1. Within segment 29-41, can you find the residues that are of a type in the set (Gly, Ala, Ser) and more than 14 Å from residue 94 (Cα to Cα)?
2. Please pick out the residue among 110, 103 that is surrounded by 12 or more Cβ atoms within 10 Å (Cβ to Cβ) and at pLDDT below 95.
3. When segment 55-80 is examined, which residues are found to be of a type in the set (A, V, I, L, M), modelled with pLDDT of 95 or more and surrounded by fewer than 15 Cβ atoms within 10 Å (Cβ to Cβ)?
4. Taking segment 1-32 only, how many residues are closer than 17 Å to residue 80 by Cα and touching a residue at least 12 places away in the same chain (Cβ under 8 Å)?
5. Looking at 52, 47, can you tell me which residue is in a helix (DSSP H, G or I), over 17 Å from residue 84 (Cβ atoms), modelled with pLDDT of 95 or more and not small (Gly, Ala, Ser)?
6. Would you confirm whether or not segment 4-23 contains a residue that is of a type in the set (A, V, I, L, M), within 25 Å of residue 110 (Cβ to Cβ) and touching a His at 6+ places or on another chain (Cβ under 8 Å)?
7. Can you find even one residue in segment 50-73 that is in contact (Cβ under 8 Å) with a residue 24 or more places away in the chain and more than 21 Å from the chain's Cα centre (by Cα)?
8. When residue 37 is evaluated against the numbered criteria (1) over 21 Å from residue 79 (Cα atoms); (2) touching a residue at least 40 places away in the same chain (Cβ under 8 Å), which criterion, by number, is the only one it fails?
Amino acid sequence: MPADRMPVDGPYRIYVDALPAGVTLDLSHYLTSVLLNLASAAEEDGEGLLAELVHIAECARSAAHQGIDSHAAHERDERVADLLAEVADDGRVPVYGVQVLRLADRLLSLGALKSVPAQQDRRAS
């Protein structure tokens, strides 16, 4: 594994890989922590957590029919934000010190504009 593939090694590892037209950010280390926090919350109050998740799903389904500015959409967003605050540090992945620069360098090196094969074909016509 190339050393620069993991520009961030803590508190959560972030891997960056090239795609033909961009990059992927591998946040599996962070997501593992989120799932472990959800499992812990389920162990503490499984019925309450399940009820909250079901209510979020119901709000999401209603919001899909009612629109993005509906009461259901706002309630869904508020409940999701509350759950993220509880189990996922508000959904934020911290990056500190020199790791910020390593991440930026990796993204810049892989994210430089690249020709996608379909774009090359159109230019040749």
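The values are calculated or read from the model by the stated rules, or taken from the named source; none is laboratory data. What you see is a predicted model; the values in this text were computed from it and never measured. Glycine gets a Cβ as well: all are built from the backbone with ideal geometry, and neighbour counts include every protein chain shown.
1. 39, 40, 41
2. Values: 103 fails: at pLDDT below 95.
The unique qualifying residue is 110.
3. 57, 64, listed by residue number.
4. Let us first name the residues in segment 1-32 that are closer than 17 Å to residue 80 by Cα, namely 31.
Next, only the ones that are touching a residue at least 12 places away in the same chain (Cβ under 8 Å) stay: none.
Summing the residues that are closer than 17 Å to residue 80 by Cα and touching a residue at least 12 places away in the same chain (Cβ under 8 Å) in segment 1-32 gives 0.
5. Numbers: 52 fails: over 17 Å from residue 84 (Cβ atoms).
Criteria check complete, one pass: 47.
6. Yes, segment 4-23 contains a residue that is of a type in the set (A, V, I, L, M), within 25 Å of residue 110 (Cβ to Cβ) and touching a His at 6+ places or on another chain (Cβ under 8 Å).
7. Checked segment 50-73: at least one residue is in contact (Cβ under 8 Å) with a residue 24 or more places away in the chain and more than 21 Å from the chain's Cα centre (by Cα).
8. With respect to (1) over 21 Å from residue 79 (Cα atoms); (2) touching a residue at least 40 places away in the same chain (Cβ under 8 Å), residue 37 is out only on (1).
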